[in-house]
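Have a look at this one.
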There are 2 protein chains.
Amino acid sequence: MDYSTQAEHMSVHDDRECGSAPLDGIGRFIEQMGLSAQKDGVARISGRIFGYFIVHGGPVSFAQLAEELQVSRASVSTNARSLAALGIIERVTLPGDRQDYYQLAASPFLRMIESYLIRMRQMQEILQQADDSIPADMHATHARLAQMRRFYTAAVQANQTLIEDLGQ
Amino acid sequence: MDYSTQAEHMSVHDDRECGSAPLDGIGRFIEQMGLSAQKDGVARISGRIFGYFIVHGGPVSFAQLAEELQVSRASVSTNARSLAALGIIERVTLPGDRQDYYQLAASPFLRMIESYLIRMRQMQEILQQADDSIPADMHATHARLAQMRRFYTAAVQANQTLIEDLGQ
DNA sequence: AATCTTGTTCAGTCGTGACTGAACAATCTA
DNA sequence: TAGATTGTTCAGTCACGACTGAACAAGATT
């Protein structure tokens, strides 16, 4: 695995057995991004791609992504497109090149917060449904649901101001 | 599945085939809490237990939890203890009763935020390591890492003030 | 002592979903 | 036309981890 883009490093130790390559700082960071994504219920490869773009922001070709991260083109296709759908990376085209390129979006973290906000609003929807369909005489239950609702309202508010605080 | 605690409902339709029972509002809410937890990378049963306690806050015995949620005692043991470790529910003992009881913690949502904060701080740690171990001449990379770090700093800050805003 | 009751642990199963390879579609080049 | 090149899709595999049942430990009861 070679995460630099400099040609002279490309295949120094390339034909080794496919296990435990000692990772440098960059490689370790990318793997940790993968593990961290996995903990959040996101595909590990998505996290690794995100990490890769933190390191190399610039346009990177589809094929290069597959090769450097050592994953199939199919996985790159699926995961890069889902990251693009979230607005974390974006597709770009280079004139005179038929390949797809991706690059880090302008404000990837704002987009992350926005996807959190979507999740929270879904939760608010669930709470609304529960409040409507649970018998009105279960007062303690409704009180706890109201508390939960206050929490999500405040959390949504906090994240919206966070978006503003982070500028543009 | 009978989520009420009233005895007269206990076994009205009990001996049906073990599939798709039509869920009432309470049951639907509990299942949605389970699915929502799963999306967050948490065990579905943990989410259902949490939902159960939103509905029935009061002390509920270990055995009752297992029976009403239709899961093994082993699962209840594992998941209830992990929720208790997060401070979302807590163990209580009733005098003269050898069973374990659980109840909803005082401010379960504050504890949820605190566990998010832990995750964010781990992320900050990863960023610190990356910053230290990645060659200093990769200026663009360090700039992106710095941007990411600013994001997490702001997010941690926002969640801390959220905790304060939610009182006690 | 033997026998319940109650919670934990552990080996094993089973489902889910991430990931792959291969077939495919679309577009370019010769 | 045939043959590259490139991305997507889809069926299939495989790993991971949630969940279970059974064995176990620790008390209580007789």
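Run the paramagnetic zone check for B:Glu90: 7 angstrom along Cα to Cβ, then residues of the stretch B:137-168 with backbone nitrogen under 15 Å.
In the stretch B:137-168, the label zone of B:Glu90 (backbone N under 15 Å from the point 7 Å along Cα→Cβ) covers B:168.
Using only protein heavy atoms and a 1.4 angstrom probe, determine the accessible area buried between B and A, summed over both sides, in Å² to the nearest 100.
Adding both sides of the contact gives about 3600 Å².
So what's the angle, to the nearest 10 degrees on a 0 to 90 scale, between helix B:108-133 and the longest Cα principal axis of chain B?
It is inclined by approximately 30 degrees.
Calculate what fraction, in whole %, of the accessible area of the stretch B:108-165 sits on carbon and sulfur atoms when a 1.4 Å probe is rolled over the protein chains.
Roughly 53 percent of what the probe reaches on the stretch B:108-165 is carbon or sulfur.
Based solely on its DSSP helices, what 222 nm [θ] is calculated for the protein assembly as shown when runs of n ≥ 4 H residues each add -39,500 (n - 2.57) and the sum is averaged over all residues, nearest 500 deg cm²/dmol?
That comes out to -20000 deg cm²/dmol.
Whole percent per 10 Å bin, from 0 to the bin with the longest distance: what is P(r) over all C-alpha pairs of the protein assembly as shown?
P(r) for the protein assembly as shown, in whole percents per bin: 5, 21, 27, 21, 15, 8, 2, 0, 0.
Mind listing the phi-derived Karplus ³J(HN,Hα) values for the stretch B:83-97, rounded to whole Hz, using 6.51, -1.76 and 1.60 with θ = phi - 60°, and x for any glycine or proline?
Here the 3J(HN,Hα) series is 5, 5, 4, 7, x, 7, 10, 9, 7, 9, 10, 9, x, x, 9 Hz.
Oh, and also: Could you state the per residue volume, in Å³, of the convex hull enclosing the Cα atoms of chain A?
169 Å³
Determine the per residue accessible area of the protein assembly as shown with all protein chains present and a 1.4 angstrom probe, expressed in square angstrom.
The answer is 54 Å² per residue.
Please give the charge dipole size of chain A, origin at the Cα centre, charges +1 on K and R Cβ atoms and -1 on D and E Cβ atoms. Round to the nearest 20 debye.
Rounded to the nearest 20 debye, it is 500 debye.
Using DSSP loop states and a limit of at most 11 other Cβ atoms within 10 Å to flag trypsin sites (Lys or Arg not before Pro), what is the longest stretch of chain A containing no flagged site?
Excluding the exposed sites themselves, the longest stretch runs over A:17-97.
The values are calculated or read from the model by the stated rules, or taken from the named source; none is laboratory data. Predicted model, so just to flag it, every value in this text is computed and none were measured. Cβ sites come from the backbone with ideal geometry, for glycine too, and all protein chains shown count toward neighbours. Protein only, heavy atoms only, side chains kept; ligands, DNA and RNA dropped before computing areas. Shrake-Rupley method; radii C 1.70, N 1.55, O 1.52, S 1.80 Å.
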